[in-house]
Amino acid sequence: MKVLQRYFAVSILQAVAFVLVAFLALISFMDLTGELPDVGKDGYEIQHAFLYVLMLVPGHVYEVMPVAALIGTIYTMAQFANSSEFTIMRASSMSTQMAAAMLFRIGVVLVLVTFVFGELITPRTAPWAEKLKLSAQGASVSQQFKSGMWTKDVVRNDGVKGDITGSRFFNVSEFRPDGRLVDVKLYEFDNDFRMRSLITAKTGVFEGDNKWRLEEVTETVFSNSAAAAAQTQGTFGQETSTVTTRKLESMTLASEITPKILSVSSADPERMSANELAVYTRHLAENRQETDRFKIAFWKKLIDPFAIFVLMALALPFAYLHTRSGGVSLKIFIGIMIGVSFILINTLFSHLGLLSTWPAFITAVAPSLLFLLLALGALWWVERH
């Protein structure tokens, strides 16, 4: 049985690798074609475009691995059926359960590879790709937005600890690839939504330990008298008794906002790791902001690689179909259609999850469950015909 397992593994992994390379070449060509209109503008040259597309490849590995596993396994199973090898294996007492177990072991390898690309490699190469492109164009992340980058923070009575005493809105005109902030505005409100202060700074640098050093600072503090505060209690109005403005060369700001949170706030959730999604979702929840999109992305990040097991199980029935049921080319075409259907249904459920009140976990796992039922039904059918 070890010899048979090795034969299965070598045949399937070779086919999956071939399909994966073919998909990556096609997607990279399409990415490069999309970059060509920007080549020659603002210092963005063809070598930058090639390097940018190359850095996106690990993310594409994570995206297409399940479909590559499906098509590669279907090709191998169809070849076994076409040469009657699978019939000989079954005659030698190999049951469907044994074949499924061998596919499962091979799937474990593919799932681990997918997790490595999705959790360790892509979260690093995707930001590098964006930084490379922005640096070559002399731009910054926040310049993609007309009013700069906005995010929300909470104000506590002891830095980043203690009770919440208000909220703070960050506005950054430029978030440079090196993590430096340019033209920073901080709007602080108390728990009754009255503005307490406005801080502007020319630049900001993260010093670690949840602390920012702001340079060339202007701080405007709005003070309310006790009588004025009582008059406006429970309203959004504000009676200001005094306004104090001071200029500082620098100041230290304690904040839960970090460069990592700023970078992921403008990033595509599909290119973030599960850990980054968990951290950012928690930050949004603490600031009472919408989290559904990131919760769905988090669960999809964990569940989608396991769809490889489902799709490989769906490929197993093709080993029972003999040549009269269609040649290898037809079976590969059917595999491509199944893979495309899986991608479309997966995307459809993601959008349905945003539009409905479905739990994020159900939204992420539903497509795999549907195709698992299809695989079990197909295996039941081929064993009885």
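Some observations on this one:
- Which numbered condition Ser93 fails, given (1) out of contact with any Ser or Thr (no Cβ under 9 Å at 6 or more places or on another chain); (2) buried (at least 18 other Cβ atoms within 10 Å of the Cβ): (2)
- Checked against (1) in a helix (DSSP H, G or I); (2) without any contact (Cβ under 8 Å) to a residue 60 or more places away in the chain, Met102 passes all but a single condition, namely (2).
- Residue list for segment 282-292, restricted to those being charged (D, E, K, R) and either surrounded by fewer than 16 Cβ atoms within 10 Å (Cβ to Cβ) or more than 25 Å from Glu63 (Cα to Cα) (or both): Arg282, Glu286, Arg288, Glu290
- Failed condition for Ala228, given (1) over 38 Å from the mean Cα position of the chain (by Cα); (2) at pLDDT 90 or above: (2)
- Filter result (free of Cβ contacts under 8 Å to residues at least 60 places away in the same chain and not small (Gly, Ala, Ser)) within segment 276-307: Leu277, Val279, Tyr280, Thr281, Arg282, His283, Leu284, Arg288, Glu290, Thr291, Phe294
- Hits in segment 155-186 (condition: touching a helix residue (DSSP H, G or I) at 6+ places or on another chain (Cβ under 6 Å) and either not in a strand (DSSP E or B) or not assigned by TED's automatic domain parsing to the domain that holds Asn210 (or both)): Pro177, Gly179
- Failed item in (1) aromatic (Phe, Trp, Tyr); (2) surrounded by 12 or more Cβ atoms within 10 Å (Cβ to Cβ); (3) closer than 28 Å to Ala315 by Cβ, with Tyr52 passing the rest: (3)
- Criterion (buried (at least 17 other Cβ atoms within 10 Å of the Cβ) and free of Cβ contacts under 8 Å to residues at least 40 places away in the same chain) met by exactly one of Ala375, Ala366: Ala366
- Total residues in segment 6-48 satisfying the condition of being surrounded by 15 or more Cβ atoms within 10 Å (Cβ to Cβ) and among the polar types (S, T, N, Q): the figure is 2.
- Per the listing Val3, Val16, the residue uniquely under 27 Å from Met337 (Cα atoms) and in a helix (DSSP H, G or I) is Val16.
- Condition check for Ser341: without any contact (Cβ under 8 Å) to a residue 40 or more places away in the chain and either in the same structural domain as Ala15 (by TED's automatic domain parsing) or under 16 Å from Thr73 (Cβ atoms) (or both): yes
- Residue check for Ala68: exposed (fewer than 14 other Cβ atoms within 10 Å of the Cβ), modelled with pLDDT of 90 or more and small (Gly, Ala, Ser): no
- Only one of the numbered conditions (1) part of a helix (DSSP H, G or I); (2) surrounded by fewer than 15 Cβ atoms within 10 Å (Cβ to Cβ) is violated by Thr114, and that is (2).
- Qualifying residue in segment 21-44 (condition: part of a helix (DSSP H, G or I) and in contact with a Ser or Thr (Cβ under 6 Å, 6 or more places away or on another chain)): no
- Condition met for Glu286 (farther than 27 Å from Leu112 by Cβ and either at pLDDT below 75 or in the same structural domain as Pro66 (by TED's automatic domain parsing) (or both)): yes
- Here the condition is being within 24 Å of the chain's Cα centre (by Cα), at pLDDT below 80 and closer than 30 Å to Phe306 by Cα; of Pro123, Pro177, Pro127, it holds for Pro127 alone.
- Set Lys300, Lys331: member being of a type in the set (Lys, Arg), surrounded by 19 or more Cβ atoms within 10 Å (Cβ to Cβ) and closer than 30 Å to Ile88 by Cα: Lys331
- Residues that are surrounded by 16 or more Cβ atoms within 10 Å (Cβ to Cβ) and at pLDDT below 85 within segment 335-359 comprise Gly335, Ser350, Gly353, Trp358, listed in sequence order.
- Test: residue in segment 207-216 that is buried (at least 17 other Cβ atoms within 10 Å of the Cβ), at pLDDT 85 or above and part of a strand (DSSP E or B): yes
- Filter result for the condition that a residue is small (Gly, Ala, Ser), assigned to a helix (DSSP H, G or I) and either under 26 Å from Ala68 (Cα atoms) or at pLDDT 80 or above (or both), over Ala78, Ala136: Ala78
The values are calculated or read from the model by the stated rules, or taken from the named source; none is laboratory data. What you see is a predicted model, and the numbers here were worked out from it, not measured in a lab. Cβ sites come from the backbone with ideal geometry, for glycine too, and all protein chains shown count toward neighbours.
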